[in-house]
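Since the structure comes first, as structure tokens, the remarks are kept for the end.
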Amino acid sequence: MTKKELIELLSNYEDDTLILVDGYENGYDDIENITIGGVYPRLAHEWWEGKYSNADEDWQNYPELREEIDKMQELAIILQRPNKYGK
């Protein structure tokens, strides 16, 4: 989903409508933070893992893949749930 698509969708609702994210295992949480970051699609991932990976982290962890990551990377707005597990 793009920012434009999200704005169009949200324009159908009242300004005071809650916006939530999925809870860690169930339920819902408030958005704790909004960040902007580089991401790229994971070529293979388990169903419980996200579809995208953090480019900045992977540049550091896998410097040999930096060129490939750069080719696939795009900027994303990331809505974050409260982090209750210390990561």
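A few comments on the model shown:
- Looking only at region 60-87, and only at residues there that are assigned to a loop (DSSP other than H, G, I, E, B) and touching a residue at least 60 places away in the same chain (Cβ under 8 Å), the one that is nearest to Glu32 (Cα to Cα): Arg81
- Of the criteria (1) at pLDDT below 90; (2) surrounded by fewer than 11 Cβ atoms within 10 Å (Cβ to Cβ); (3) not hydrophobic (A, V, I, L, M, F, W, C), which one Thr17 fails: (1)
- Within region 6-32, being outside any loop (DSSP other than H, G, I, E, B), without any contact (Cβ under 8 Å) to a residue 24 or more places away in the chain, more than 13 Å from Ile77 (Cα to Cα) and out of contact with any Phe, Trp or Tyr (no Cβ under 9 Å at 6 or more places or on another chain) holds for Glu8, Leu9, Leu10, Tyr28.
- Test for Glu57: is it closer than 22 Å to Met1 by Cβ and either assigned to a strand (DSSP E or B) or under 14 Å from the mean Cα position of the chain (by Cα) (or both): no
The values are calculated or read from the model by the stated rules, or taken from the named source; none is laboratory data. The shown structure was predicted, so the numbers you read here are calculated from the model rather than taken from an experiment. Neighbour counts run over all protein chains shown; Cβ positions are idealised from the backbone, glycine included.
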